[in-house]
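K.L.:
Submitted below is the structure of interest, expressed as structure tokens.
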Amino acid sequence: KAIDQDGVVYDLLVTSGAVTLPNGATATELEVGLHFTSTLKSLRPELQGPAGTAQARRKRWQTVTPRVYCTRGRLQLGETGTDMAILEYPEGTDTTEAYTGDMARMPNFGWSREGQLTIQTLDPKPCTILALTGQLEMDDA
């Protein structure tokens with residue numbers, strides 16, 4: 001993979017130590033490297049409720065809002081071990097520029113004893129996760 005100064009991502013093949021951009025494209029800056037997926041896995045949430053600790057109790061995220069810093073590209077979010085959903089930038093955001101702020105709120109995750117979330121990058125672009133906020137519901141048992 002390669003990314004140029006404008007954020008355009010190319011799938012390239014290195015031949016004899018060189019790469020050729022497709023369709024006569026040119027770049028003044030180009031970063032070339034192997035593609036990898038960055039993954040963030042949250043810790044298990046710990047809350048005190050009327051029935052005591054949240055550990056080993058069933059819980060679910062009713063909403064989750066990731067806060068990011070200077071982030072570009074697509075991100076996906078989901079409960080650890082489940083299907084992931086693409087995070088949306090707030091309406092009107094210029095996605096060609098680095099974004100700082102809260103991503104769109106994700107609703108209604110399922111019940112689990114872990115309560116852990118996973119965020120992954122889908123593009124080789126900068127991403128810094130500052131916080132995961134939201135509403136967590138616990139069962140009474």
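The values are calculated or read from the model by the stated rules, or taken from the named source; none is laboratory data. Being a predicted model, the structure only gives us computed values, none of them experimental. We place every Cβ from the backbone using ideal geometry, glycine too, and count neighbours over all the protein chains shown. Please note that ligands, DNA and RNA were not included when accessible areas were found on the heavy atoms of the full protein model with its side chains. Shrake-Rupley method; radii C 1.70, N 1.55, O 1.52, S 1.80 Å.
K.L.:
Express in whole angstrom the spacing between the alpha-carbon centres of segment 107-141 and segment 48-64.
P.N.:
14 Å
K.L.:
Using a Gaussian network model of the chain whose springs link C-alpha atoms within less than 10 Å, name the residue from GLY24, GLY73, GLY101 with the highest mean-square fluctuation.
P.N.:
In the Gaussian network model the winner is GLY24.
K.L.:
Using only alpha carbon pairs under 8 Å that are at least six residues apart, calculate the relative contact order of the chain and give it in whole percent. Present the calculation step by step, with values, prior to reporting the outcome.
P.N.:
Working: 277 pairs, mean separation 46.4, N = 141.
Answer for the chain is 33 percent.
K.L.:
Net charge around SER42, counting only other residues with Cβ within less than 11 Å of its Cβ (Lys, Arg = +1; Asp, Glu = -1)?
P.N.:
Details: positive: LYS41, ARG44; negative: GLU79, GLU114.
Combined, the nearby Lys, Arg, Asp and Glu give 0.
K.L.:
At GLU137 and ARG58, where each label point lies 7 Å from the Cα along Cα→Cβ, what is the point-to-point distance in nanometres?
P.N.:
1.1 nm
K.L.:
Whole-Hz Karplus ³J(HN,Hα) for segment 111-117, in order, using 6.51 cos²θ - 1.76 cosθ + 1.60 and θ = phi - 60°, x for Gly and Pro?
P.N.:
7, 7, 8, 7, x, 8, 10
K.L.:
Taking 0.36 nm per intervening residue step and subtracting the Cα-Cα distance, what contour gain separates ASN108 from GLU31 on full extension?
P.N.:
Numbers: separation 77, 0.36 × 77 = 27.72 nm, distance 3.83 nm.
Answer, rounded to one decimal: 23.9 nm.
K.L.:
Leaving ligands, DNA and RNA out of it, report the carbon-plus-sulfur percent of the accessible area of the chain at a 1.4 Å probe. Could the numbers behind the result be given before it?
P.N.:
Details: 4440 of 8860 Å².
Looking at the chain in its full context, I get 50 percent from C and S.
K.L.:
Keeping all protein chains in place, calculate the accessible area per residue for segment 12-102 (probe 1.4 angstrom), answer in Å².
P.N.:
Working: 6140 Å² over 91 residues.
On a per-residue basis, segment 12-102 sits at 67 Å².
K.L.:
Take GLU46 and MET84, extend 7 Å from each Cα along the Cα→Cβ direction, and tell me the distance between the two endpoints in nm.
P.N.:
Placing both labels 7 Å along Cα→Cβ, they lie 2.8 nm apart.
K.L.:
Using a cut-off of 20 Å between alpha-carbon atoms, which lysines can reach LYS59, once sequence neighbours fewer than 8 places away in the same chain are excluded?
P.N.:
LYS41
K.L.:
Rounded to the nearest whole Å³, what is the per residue volume of the convex hull around the Cα atoms of segment 76-126? Don't skip to the answer; put the middle values down first.
P.N.:
Details: hull volume 4.9 nm³, N = 51.
It is 95 Å³ per residue.
K.L.:
Using a Förster distance of 35 angstrom, determine the FRET efficiency expected from the C-beta separation of VAL19 and THR65, and round it to 0.05. Walk me through the numbers on the way to the answer.
P.N.:
Details: r = 39 Å, r/R0 = 1.11.
The formula returns an efficiency of 0.35 here.
K.L.:
A further question follows. How large is log10 I(q)/I(0) at q = 0.17 Å⁻¹ when the Debye formula is applied to the Cα atoms of the chain, each weighted equally and without solvent?
P.N.:
Evaluating at q = 0.17 Å⁻¹ gives log10 I(q)/I(0) of -0.94.
K.L.:
Starting from segment 54-138, pick out the chymotrypsin sites (Phe, Trp or Tyr not before Pro) whose DSSP state is loop and whose Cβ has at most 15 other Cβ atoms within 10 Å.
P.N.:
Numbers: sites: TRP61, TYR69, TYR99, PHE109, TRP111; in loops: PHE109, TRP111.
Of the chymotrypsin sites (Phe, Trp or Tyr not before Pro), the ones in loops of segment 54-138 whose Cβ has at most 15 other Cβ atoms within 10 Å are TRP111.
K.L.:
Of ASP83, ASP94, which has the most accessible area with a 1.4 Å probe, and how do the rest follow in descending order?
P.N.:
Working: ASP83 140, ASP94 85 Å².
Largest to smallest exposure gives the sequence ASP83, ASP94.
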